[in-house]
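A.B. asks: There's a structure below that I have some questions on.
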Amino acid sequence: AVAAPAFITIGPFAGLALVVGAGVSGALIDSLLGATVQAQYVRPTGERVEQPSGPLVRGVQWMTNDRVNILCTFCGAVIAGVGARLLGA
């Protein structure tokens, strides 16, 4: 939703930089949340998994992979919106 006005208003190069920057930021936030607060469980075999199939060994129980994905997508969109606003789009 932000990409089209950004390309039209601020030009293709700045618009591309904005979209790529927001996407990379969202991916970095995904990695940070996944490595710190996303729930991880251990199966009796010792395998670590995202589904509740044993004791919680890391993260917060309610912070599932789906919630991490929603949060990082939202953050990327907010970053794109703020960047577009700052650049005059």
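FYI, it's all coordinate maths here, none of it is from the lab. Remember, it's a predicted structure, so these values are computed and weren't measured experimentally. Positions of Cβ are generated from backbone atoms using ideal geometry, with glycine treated the same way; all protein chains shown enter the neighbour counts.
A.B. asks: Can you tell me the relative contact order of the chain? Whole percent, Cα pairs under 8 Å, sequence separation 6 or more.
C.D. replies: 35 percent
A.B. asks: Please list, ordered by chain and number, the residues whose modelled amide H lies under 5 Å from the amide H of residue 58; skip anything fewer than 5 residues away on the same chain.
C.D. replies: Long-range HN contacts for residue 58: 40.
A.B. asks: Right, next: Of the residues 35, 77, 27, which exhibits the maximal mean-square fluctuation in a Gaussian network model of the chain defined by a 10 Å Cα contact cut-off?
C.D. replies: Of 35, 77, 27, the most mobile in the Gaussian network model is 35.
A.B. asks: Just need the Rg to Rh number for the chain, please, alpha carbons only, Kirkwood Rh.
C.D. replies: 1.21
A.B. asks: Compare 64, 73, 36 in a GNM of the chain, Cα atoms joined below 10 Å, and give the one with the largest fluctuation.
C.D. replies: Between 64, 73, 36, it is 36 that shows the largest mean-square fluctuation.
A.B. asks: While we're on this one: Please compute the alpha carbon radius of gyration of the range 32-83, then divide it by the globular-protein estimate 2.2 N^0.38 Å. Two decimals is fine.
C.D. replies: 1.37
A.B. asks: Then there's this: Identify the residues of the range 50-89 with backbone N under 20 Å of a label point that sits 7 angstrom from the Cα of residue 9 along the Cα-to-Cβ direction, or state none.
C.D. replies: 74-89
A.B. asks: Per 0.36 nm of contour for each residue apart, how much would the distance between residue 51 and residue 20 grow if the chain were fully extended, relative to their Cα-Cα spacing?
C.D. replies: Taking 0.36 nm per residue and subtracting the Cα distance, the gain is 8.0 nm.
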